[in-house]
Amino acid sequence: MTITIATIVDGIRLERCAPTVSIGRHQVMAREARLSHCQETGVATVRRPTAGGALYLDQGYEAAQVFITT
């Protein structure tokens, strides 16, 4: 499953993850993750609205993000 977040709005996002590969805004997903392996093993792939490197988020990972547009 691939989820793309297209816009950034002011707010706070709280999340608890299932196994997920999170790809930064400007990265090429196929270069950063083995997509066929993710699909076979049920690991979700998402594109963040923010930049930065690829991350693997394991089951139960909890995160908070604050977005403020200028």
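The values are calculated or read from the model by the stated rules, or taken from the named source; none is laboratory data. What you see is a predicted model, and the numbers here were worked out from it, not measured in a lab. Cβ placement follows ideal geometry from the backbone for every residue including glycine, while neighbour counts extend to all protein chains displayed. Protein only, heavy atoms only, side chains kept; ligands, DNA and RNA dropped before computing areas. Shrake-Rupley method; radii C 1.70, N 1.55, O 1.52, S 1.80 Å.
Keeping to region 40-69, report how many residues are at pLDDT below 95, outside any loop (DSSP other than H, G, I, E, B) and either within 20 Å of G11 (Cα to Cα) or open to solvent by 40 Å² or more (accessible area, probe 1.4 Å) (or both). Within region 40-69, residues that are at pLDDT below 95, outside any loop (DSSP other than H, G, I, E, B) and either within 20 Å of G11 (Cα to Cα) or open to solvent by 40 Å² or more (accessible area, probe 1.4 Å) (or both) number 10. Listed conditions (1) loosely packed, with under 13 Cβ neighbours inside 10 Å; (2) among the polar types (S, T, N, Q); (3) at pLDDT 90 or above are all met by T7, apart from (3).
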